[in-house]
Every structure is written in structure tokens, then in C-alpha cells.
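Quick notes on the structure that follows.
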Amino acid sequence: MENGEKKLQPLTKNKEQQLDVSYWNERWEMSETGWDTGFASPSITNYLSQYPNKEAAILIPGCGNAYEAEYLLSNGFTNITLIDIAPKAVEGLQAKFENQEGIRILCEDFFLHQGTYDLVIEQTFFCAIDPKKRNSYSNKMTSLLNPHGKLIGVLFNRTFTHQGPPFGGDLLEYNSIFEPNFEITTMAECYNSVPARMGSEVFINLQKKQNREFAS
Ligand SMILES: C[S@@+](CC[C@H](N)C(=O)[O-])C[C@H]1O[C@@H](n2cnc3c(N)ncnc32)[C@H](O)[C@@H]1O
């Protein structure tokens, strides 16, 4: 364990690990879910508690156990979409949210997903993807958001000594990735992280730039 983040799976030297459906499903099958904090991040629920539109279309990609969705449902939000690439994770979500209205659960690759949303919630998904795909992540988010749509959540503000995931980063890098597509309302040290991540996260509140449209 390093600052609350378990090492997932060591990579063989010189062999690039494919962070694909088999990799992630195996993590879930083996219960190697060291990223799972067991509850929604207070930084995210604090933001959501002030979000006015309960009918907003909200997406949580790479959602894992989707604690943020539990918060949204119990606070009256009615249009939530969860995506995870791992069938085993989705199986758990289907059981957890069985017969629950207002929530859609998809077993899909985020990068192939089609849809339009008012709000996307980021929680330990960006750090799980191959860093080479970070610009694609930013472009894909842009294509999924409505004209005034927002991407909010937390990103690591640290490096990791072991091979990721998780992959770290810093404000300089994040600014260069997101600034072309988003107005950066907030990208600053997070003051209300979960205890294991205190001092090592930034909170982001990014609004899609008006002139940014991408083919999804
Ligand atoms: C580090 S975990 C974080 C889970 C959850 N957000 C949390 O914070 O507890 C990353 C999750 O993203 C999922 N994932 C990885 N790549 C994905 C992709 N391309 N599309 C959708 N989900 C993906 C994995 O299966 C895993 O559940």
C-alpha cells in the first residue's frame, strides 16, 4: 500500500500491459480493488449538494462500485448513467441498483460510448487509463457533453513510484490536456479528499468551451 493506493498488477519489464477489458475484469474477479474507498468522495458530494438540476443527465464513467450514484439517487437525481468496462463490476452494480429507477448501467468502453450529458463525474477513472490516452479522454468528454456541460471530480496531484495504474500527474499537465476543450472554473488542490488521499488530489470543475465539438 502506498498512501492508500494498492499496487494493482506488476508489469513485466519491456512488455506493455494492455489496460483492456480482461485486465480490468481480472482485477474485479480477484477482488484487487485497492482503489475502492467504500464511499463517495466528500469533494464530489459537496459539489453535487449544490447542483441545482435534479433532472440533469449525469454520467459516471469507469464507475466501479459507483458510490456517487448512491448519493445522487438518495438526493433525488433522476437521470444517471453508469459505465464500466468490466462485466464483473457491472454484475455487482446490477444487483446493487436492481429495480431502481433513474439509473442506467452499461458495460461499455468509455471511449466507444455515445450519448449527451449535462454533467460527468470523474473519480479515479482518469488515473486508470493509459496516459497516452489522456488527450483522447479530454476530447471524448467534450463530445459527450452538452454545450454548457461540465466535467467535475478529482484527479491525483502526485506521482507514483510503481508502474501504474494508477498513473499520477500534476496541474501543469492537466492544464495542457483540458485547456483546449474546457473553461477551467476550478483546478486546484482539493481540501476535502478522502483521508488516504488528503493532500494528493486536485478538484476539477471544467466547463466545455462553446466552440468545441468532436465526432463522438
Ligand atoms: C481505478 S477503478 C475506479 C473505480 C471507481 N471510479 C472508484 O473510484 O472506486 C477504474 C475503473 O474503470 C474501469 N475502466 C477501465 N477502463 C475503462 C474504460 N475504457 N471504459 C469504462 N470503464 C473502464 C475499470 O473496470 C474500473 O472499475
Worksheet, complete the sentence: For the N135, K96 Cβ pair and Förster radius 35 Å, calculated FRET efficiency rounded to 0.05 is 0.60
Worksheet item: Simple spin-label model, 7 Å along Cα-to-Cβ: K54 to V21 in nm?
Response: 3.7
Worksheet item: Among K88, K208, which comes first, second and so on when ranked by fewest other beta-carbon atoms within 10 Å?
Response: K88, K208
Practice prompt. In whole Hz, with x marking every Gly and Pro, tabulate ³J(HN,Hα) for segment 87-98 from phi via Karplus 6.51 cos²θ - 1.76 cosθ + 1.60, θ = phi - 60°.
Written response: x, 5, 5, 5, 4, x, 5, 4, 5, 5, 9, 4
Worksheet item: Pairs K88/K132; K133/K208; K54/K150: which exceed 21 Å Cα-Cα?
Response: K88/K132
Discussion item. Below 8 Å, C-alpha to C-alpha, sequence gap of six or more: please give me the relative contact order for segment 60-164 in percent.
Written reply: 26
Response to the item:
Correct semi-axes for the chain, from √(5λ) of the alpha-carbon gyration tensor and rounded to whole Å with the largest first, are 24, 21, 18
Worksheet item: Say a paramagnetic label sat at a point 7 Å from the Cα of D36, along Cα to Cβ; which residues of segment 159-183 have their backbone N under 17 Å from it?
Response: 166
Worksheet item: Using the 10 angstrom Cβ neighbour count as an exposure proxy, how do E108, E98, E201 rank, fewest first?
Response: E98, E108, E201
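Taken together, the values in this text are just the output of simple stated rules run on the coordinates, not laboratory data. Just so it is clear, the model here is predicted, and its values are computed rather than measured. No Cβ is skipped: glycine too gets one built from the backbone with ideal geometry, and neighbour counts run over all protein chains shown.
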